[in-house]
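Every read-out reported here was derived from the displayed coordinates using simple, explicitly stated rules and does not represent laboratory data. The structure displayed is predicted, hence computed values, not measured ones. Note that we place each Cβ from the backbone using ideal geometry, even for glycine, and neighbour counts take in every protein chain shown.
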Amino acid sequence: MLQFSLWKKLLIWGVCALGILLASPNLFYTKVEESNDAKALIELAGVATPEQTAKADAWPAFMPSSLVNLGLDLRGGAHLLAEVQVGDVYASRMDGYWDEVKNALREERATIGGIRRQYDNPNELRVRIAEASQIAVAVAKVVEMRRPVVSLSGAGSFDINVTSEGADVVVTLSEAEKIATDKRTMDQSLEIIRRRVDEAGTREPTIQRQGTDRVLIQVPGIGSAEELKELIGKTAKLTFHVVIGTTGDENARLKSNQILLPDQEDKAVYYILEKTPVITGDHLTDAQPAFDQNNAAAVNFRLNTTGGRIFGEFTANNIGTLFAIVLDDEVVSAPRINSHIPGGSGIITGNFTIESTTKLSIQLRAGALPAKVIYLEERTIGPELGQDSIDAGRIASMIAFAAVLVFMVASYGLFGLFANIALIINVALIFGLLSAIGATLTLPGIAGIVLTIGMAVDANVLVFERIREELKTAKGPARAIELGYERAFSAIIDANITTLIAAVILFIMGSGPVRGFSITLGLGIITSVFTAIWVTRLLISIWLGRTRPKTIEV
Amino acid sequence: MRLKMVPSDTKLDFFSVSMITFGASVLAMIASVVMFFMMGLNYGIDFRGGTTIRTDSQITLDVGAYRAALAPLNLGDITITEVIDPAAQLTGEVTNVAQIRIQAQEGAESVTNEVITKIKAALNAIDPLMTFPQVDSVGPKVSGELIQTAVIAVVLAISAVLFYIWLRFEWQFSVGAVAALVHDIVLTIGVFAVLQIKFDLAIIAALLTIVGYSLNDTVVVFDRVRENLRKYKKLELKQVLNLSINETLSRTVMTSVTTLIALISLFVLGGDVIHGFVFAMIWGVVVGTYSSVFIASTILLRLGVKRDWSKEAAKASGQYANIDA
């Protein structure tokens, strides 16, 4: 047990050296971080300023540069758990079908008579026909419109279910189509949230999908969760509508295809608009802050090809009429169409400031979220509190470390010193592994490391106590040490596997800081078994070989 | 001269007082359950939903003034507690940090920006320079899920461990180890009920660590019992247990002391954020050490162990040779 072959020795020292090398950047955290940032900037820009080069070169390129990520509770920032109301989209999908259904049923006007949409339930499209007896004809006509759903799970199913209730044709989304729609909604929401968070320009935000309809958003360095919510939640929904008239009465009677929206500036003025917009923000490709001919702040926008064509046709056919630019359900302005506007670009004027046009154009560029988002959980940690936690954690770890080192030497003398060397290597290995796998260090994670410092010596203690016992039966030092390792082995393995089980379960079930704790605890168990079984034993073996003591005291 | 926590050759009889210790443990467990139902746990927002806001002020903390400032906002149940940092107390520094907890608001999951803005404005009226370094808000939906996950995690951890020990030892050992675990968890929950320390997700992590630690201790004793049962085939079970506990006593105390040194350092210097978490672990180490000696072994003694190793002896030793190699 005490004889190590050369390759085994090399392997053990190699692992230790690698661990220390990988852990080393963390000792110069700020310097390495600045260097990494500068390198990333240089790569992005293609050219380097002298200042950036200096920072990038501050950490030698041949050294590893991965750092332990600091969790939000140490760095400060905001955490949000959002739930996308995917069901919201069903209603607008139903509106989308209405045009098609309307056209299809009009072809059968002779048989089924006049049609009228019923607006009772937004999640279904209910069309009442005049000739109730001909309902089967109407249903058959709508059934023709069904399209197969293209997805793995929904093979063989169609996008809509068509049923009849009395004189009503009822169209609803099929389950397969709902699943497909939900997926699209989530993908789109994630993309938009990502773009908006990126606009804020903070470093390394985390945006992750969780479960079917949730998004986890973590942004280090942002002031508060409120700020983050405002950034994400601002809908900036842009639509253009045909203006039917204006009124001062907020309870004005409307037809079913009309809506009443207030003016942004003068809240006493209401516009009666056509419900279906001519153009929506979906067609927008770009928006920039600009100035109009009177030098007032305005927003320039450009539409995509489809949007440009629709807008071009619309303006050509409606010269002289008013159209309303509606932003978040308020009429920003209602200009008169003076001429055909081809090319799909235009300008939004209104009561804007330069700041508000900048913000508005960002929001317009990012696009509207397809569905409402509600927040289930939010956490803000200020940077000072994070720094306080780092400082407190650092001092506590140092003191704990020093105390354990002293205690081990006092209890086991030279053997305690061997255990201490193993302990130092152990901590280096933990940091090396954390950096290498890009794990996140949280405050409970620091507690996990401190706990590991206390518990890591356990394997050594088990062995040393066993050696003491074996020495009593006087077999000579080498034999006693050998037996000590041999007989303590099963206890070490069983004891550590049980703790590892707890750590693994924490990792699977836990989230955020708790998961951070389980990572350091689990890694700590693995490295401490390695250092106790291999490193300490190798040290003792080398010492025995050099000094060949007649008696030892453990 | 070596520091020795335990004299080299102890021959203590751990079962001479087993009626007292076991009885005391059972009583303590009953008391914990009673306290749990009477006083309840001081659940953090992770488990009951709501919002906590940490305030940091330069002006001397006046809980009454904060309460009065927030009263007109009609936020429902509000608790305001002063945050005490033991490290700051050592240096005599006055921190003026408080934690305000507000119940989950009707009709909203996590807190809305309007409510937060109102609260901040009300408190800034007392001290315009007051800062809010931490704001946490958890909606009822997530808190319900978190409770569920936490319970599953603890149950899963205990069953996994039960299974592992059954695999490596005999079923009697498994029962003994799990009884010790349940003892530790129940007593920890009891202490949290009595002291009304905030019980949140981090405490669940601490509970699971206690599970791991307590087992670590129990397994080391059991490992020795397993070995001695083979070594001294004729010795009475009670004596085998006593011998095993005495032989491992030095190690048990050493490891507990090093772990406690590390934890106490964290408790005093680690800041108030992880205070409850570290407290749970310190308590867990103490009861975990106690339970592996007095609960796990006593149960093992009561259940008895199959002593007829003759049939399996050959197989078992073969298996051992493999593991040791």
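Using DSSP loop states and a limit of at most 12 other Cβ atoms within 10 Å to flag chymotrypsin sites (Phe, Trp or Tyr not before Pro), what is the longest stretch of chain A containing no flagged site? Walk me through the numbers before you get to the answer.
Details: sites that count: A:Phe62, A:Tyr119.
Within chain A, the longest run free of exposed chymotrypsin sites (Phe, Trp or Tyr not before Pro) spans A:120-554.
Please work out the FRET efficiency for the pair B:Leu303 and A:Ile526, using the Cβ-Cβ distance as r and a Förster radius of 25 Å; give the result to the nearest 0.05. Walk me through the intermediate numbers first.
Details: r = 33 Å, r/R0 = 1.33.
Computed FRET efficiency for B:Leu303 and A:Ile526 comes out at 0.15.
So, in Å, what gap is there between the alpha-carbon centers of region A:64-140 and region A:305-369?
Distance between centres, Cα-based: 25 Å.
Kindly identify chain B as rounded, prolate or oblate by the Cα gyration tensor criterion: order the square roots of the eigenvalues as a ≥ b ≥ c, call it rounded if a/c is under 1.5, otherwise compare a/b with b/c, prolate if a/b is larger, else oblate. Before the final figure, lay out the partial values.
Working: a/c = 3.00, a/b = 2.27, b/c = 1.32.
Since a/c reaches 1.5 and a/b is larger than b/c, the shape of chain B is classed as prolate.
Can you give me the relative contact order of chain A as a percent, contacts being Cα pairs under 8 Å and 6 or more apart? Each step should come with its number before you reach the end.
Numbers: 943 pairs, mean separation 95.5, N = 554.
Relative contact order for chain A comes out at 17 percent.
Could you give the nm distance between label points at A:Glu227 and A:Val143, where each point is 7 Å from its Cα heading toward the beta carbon?
Calculated label separation equals 5.9 nm.
Pop the C-beta distance of A:Asp249 and B:Gln103 into the FRET formula with R0 = 41 Å and round what comes out to the nearest 0.05.
Working: r = 41 Å, r/R0 = 1.01.
Calculated value: 0.50.
Can you give me the long-range amide H partners of A:Phe158? Hydrogens built in the peptide plane at 1.01 Å from N, cutoff under 5 Å, separation of 5 or more residues or another chain.
So A:Phe158 has HN proximity to A:Val149.
What ranking, highest mean first, results for peptides B:55-65, A:67-77 when packing means the other Cβ atoms within 10 Å averaged over each residue? Don't jump to the answer; show the numbers that get you there.
Values: B:55-65: 15.1, A:67-77: 23.4.
Taking the mean over residues of other Cβ atoms within 10 Å, the ranking is A:67-77, B:55-65.
Can you work out the PRE-style zone for A:Ile424? Point 7 Å along Cα to Cβ, and I want the residues of region A:528-548 with backbone N under 17 Å.
A:531-532, A:535-540, A:543
Can you list which of the trypsin sites (Lys or Arg not before Pro) found in region A:420-517 are DSSP loop residues with at most 13 other C-beta atoms within 10 Å? Walk me through the numbers on the way to the answer.
Details: sites: A:Arg466, A:Arg468, A:Lys472, A:Lys475, A:Arg479, A:Arg487, A:Arg515; in loops: A:Lys475.
Sites meeting the loop and neighbour criteria: A:Lys475.
For chain A, what does the helix formula give at 222 nm: sum of -39500 (n - 2.57) over DSSP H segments with n ≥ 4, over the residue count, nearest 500 deg cm²/dmol? Let's see the in-between values first.
Numbers: 16 runs with 288 residues, N = 554.
Value at 222 nm, helices only, nearest 500: -17500 deg cm²/dmol.
Provide the percentage of antiparallel DSSP beta bridges, counting only those with both residues in chain A; round to the nearest 5.
On the way: 67 of 70 bridges.
Antiparallel bridges: around 95 percent, rounded to the nearest 5.
Which pairs, out of A:Lys9/A:Lys39; A:Lys178/B:Lys141; A:Lys55/A:Lys359; B:Lys4/B:Lys198; B:Lys11/B:Lys198; A:Lys9/B:Lys233, put more than 30 Å between their alpha-carbon atoms?
Numbers: A:Lys9/A:Lys39 37 Å; A:Lys178/B:Lys141 23 Å; A:Lys55/A:Lys359 33 Å; B:Lys4/B:Lys198 38 Å; B:Lys11/B:Lys198 42 Å; A:Lys9/B:Lys233 40 Å.
In this structure, A:Lys9/A:Lys39; A:Lys55/A:Lys359; B:Lys4/B:Lys198; B:Lys11/B:Lys198; A:Lys9/B:Lys233 exceed 30 Å between Cα atoms.
Considering amide H positions built from the backbone, and no H for Pro or chain starts, which residues 5 or more places from B:Gln134, or on another chain, come under 5 Å of its amide H?
Distant-sequence amide H within range of B:Gln134: A:Gly382, B:Arg54.
What is the list of residues in region A:508-535 whose amide nitrogen lies under 17 Å from a point 7 angstrom out from the Cα of A:Trp13, following Cα to Cβ?
A:534-535
Would you pull out the residues with amide H under 5 Å of A:Ile244's amide H, same chain only if 5 or more places away, H placed 1.01 Å from N?
A:Ile272, A:Leu273, A:Glu274
Does region A:238-375 come out rounded, prolate or oblate, given a ≥ b ≥ c as the square roots of the eigenvalues of its C-alpha gyration tensor, rounded meaning a/c under 1.5 and, failing that, prolate meaning a/b above b/c? All intermediate terms of the calculation are to be shown ahead of the outcome.
Details: a/c = 1.32, a/b = 1.16, b/c = 1.13.
Note, shape of region A:238-375 comes out rounded.
Quick one: 3J(HN,Hα) in Hz for region B:210-224, Karplus 6.51/-1.76/1.60 with θ = phi - 60°, rounded, Gly and Pro as x.
Once θ is set to phi - 60°, the couplings for region B:210-224 become 4, 3, x, 5, 4, 5, 3, 5, 4, 5, 4, 5, 5, 4, 5 Hz.
Relative contact order (percent) for chain B, with alpha-carbon contacts under 8 angstrom and 6 or more residues of separation? Don't skip to the answer; put the middle values down first.
Values: 423 pairs, mean separation 83.7, N = 325.
Across chain B, relative contact order equals 26 percent.
Given labels modelled 7 Å from the Cα in the Cβ direction, how far is it in nm from A:Thr163 to A:Asn121?
Each label point is offset 7 Å from its Cα along the Cβ direction, giving 0.7 nm.
Running Debye on the protein assembly as shown with equal point scatterers at the Cα sites and no solvent, what base-10 log of I(q)/I(0) appears at q = 0.05, 0.09, 0.10 Å⁻¹?
Values, matching the q order: -0.41, -1.03, -1.16.
When the Karplus curve 6.51 cos²θ - 1.76 cosθ + 1.60 is applied with θ = phi - 60°, which whole-Hz ³J(HN,Hα) does each residue of region A:111-120 get, with x for Gly and Pro?
3J(HN,Hα) across region A:111-120, in whole Hz: 8, 9, x, x, 10, 8, 7, 9, 9, 6.
Using the Karplus curve 6.51 cos²θ - 1.76 cosθ + 1.60 with θ = phi - 60°, what ³J(HN,Hα) values do you get for each residue of region B:186-193, in whole Hz, with x for Gly and Pro?
So the Karplus estimates, Gly and Pro as x, are 4, 5, 5, 5, x, 5, 5, 6 Hz.
Take the alpha-carbon centre of region A:240-267, take the same for region B:227-249, and report the distance between them in whole Å.
90
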